[in-house]
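J.: The structure is given below, and queries will be raised subsequently.
The values are calculated or read from the model by the stated rules, or taken from the named source; none is laboratory data. Remember, it's a predicted structure, so these values are computed and weren't measured experimentally. Counting neighbours? That spans all protein chains shown, and the Cβs are built from the backbone with ideal geometry, glycine included.
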Amino acid sequence: MNLRSRGVATHISGKESYRVAPIFSGVFYVSLWVVLDHQYNDALALLDDPDHPVRDPLPADDMDVLEADFNGEASRYAFSFIVVGAIVMLGLFLLVIE
């Protein structure tokens with residue numbers, strides 16, 4: 001939240017899977033990612049010094065747009081994966097029946 005409040009766009013991966021149980025989910029680490037390459041050095045500096053001035057902060061509204069775009073794209077990929085998986089399973093089922 002500190003990075004985001006200072007205008008650095010971040011993404012946390014593995015948080016929800018890690019909560020379930022690492023043994024069952026296979027996720028043993030939660031990772032923090034900087035979304036924009038040019039903010040990487042500012043993110044590192046902010047982790048060391050919370051008062052570091054960010055060179056190119058991203059407004060909160062722009063971060064919300066990035067998150068919404070990512071979530072929409074992730075949903076499309078997940079839906080496509082499910083549809084392709086269902087078609088493959090149906091095909092295998094039909095092969096086994098014959």
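J.: Of (1) at pLDDT below 75; (2) in contact with a helix residue (DSSP H, G or I) (Cβ under 6 Å, 6 or more places away or on another chain), E73 satisfies all except one. Which?
T.: Answer for E73: the failing condition is (2).
J.: Which one is modelled with the lowest pLDDT among residues in segment 10-65 that are touching a helix residue (DSSP H, G or I) at 6+ places or on another chain (Cβ under 7 Å) and among the β-branched types (V, I, T)?
T.: Only one residue fits best here, namely V27.
J.: Also: Hey, among the residues in segment 27-49 that are over 20 Å from S13 (Cβ atoms) and exposed (fewer than 11 other Cβ atoms within 10 Å of the Cβ), which one's nearest to the chain's Cα centre (by Cα)?
T.: The qualifying residue nearest to the chain's Cα centre (by Cα) is H38.
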